[in-house]
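Read the structure below first, then the notes.
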Amino acid sequence: MIVADALNLDLFEIQTAGESPVVSLGSQIGTRLYVGVRQEVGKGDASALSLEYRVADFLRFVTSVVHGAA
């Protein structure tokens, strides 16, 4: 069984390249909204929340909030 499916997520990713591992989770909420969370584990310990809202096929609004060392 795939972890993303078990957690009902559209994105579950662990990146180990670089100084610290990064865990990314994300989910499509409805047809227009995507919510993602990214957490750096270890040295930097930064976290980020991103929201993406699709207004039309050609127009999206994206915002991110970062906490900790980036």
Could you run through the range 8-31 and say how many residues are in a loop (DSSP other than H, G, I, E, B) and in contact (Cβ under 8 Å) with a residue 24 or more places away in the chain?
-> 3
Of all residues in the range 16-31, count the ones that are of a type in the set (S, T, N, Q) and open to solvent by less than 70 Å² (accessible area, probe 1.4 Å).
-> 3
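Filter the range 32-60 down to the residues that are assigned to a loop (DSSP other than H, G, I, E, B) and either closer than 18 Å to Asn8 by Cα or free of Cβ contacts under 8 Å to residues at least 24 places away in the same chain (or both), then identify the one that is most open to solvent (accessible area, probe 1.4 Å).
Residues of the range 32-60 assigned to a loop (DSSP other than H, G, I, E, B): 32, 41-46, 57-58.
Right, trim to either closer than 18 Å to Asn8 by Cα or free of Cβ contacts under 8 Å to residues at least 24 places away in the same chain (or both) and you get 32, 41-42, 57-58.
On the way: Arg32: 106, Val41: 72, Gly42: 48, Asp57: 138, Phe58: 181 Å².
Filtering first and then ranking leaves Phe58.
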Within the range 37-54, can you find the residues that are hydroxyl-bearing (Ser, Thr, Tyr) and within 18 Å of Thr16 (Cβ to Cβ)?
-> Ser47
Are any residues in the range 10-30 within 16 Å of the chain's Cα centre (by Cα) and farther than 20 Å from Val41 by Cα, and if so, which ones?
-> Asp10, Ser27, Gln28, Ile29
Matching residues, the range 3-15, being open to solvent by 80 Å² or more (accessible area, probe 1.4 Å) and within 25 Å of Arg54 (Cβ to Cβ) = Asp5, Leu7, Asn8, Asp10
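The values are calculated or read from the model by the stated rules, or taken from the named source; none is laboratory data. Here the structure is a predicted model, which is why all the values come from computation and not from measurement. Don't worry about glycine lacking a Cβ; one is built from the backbone with ideal geometry, like all the others, and counts go over all protein chains shown. Remember, those area values only see protein heavy atoms, side chains included, never the ligands or the DNA or RNA. Shrake-Rupley method; radii C 1.70, N 1.55, O 1.52, S 1.80 Å.
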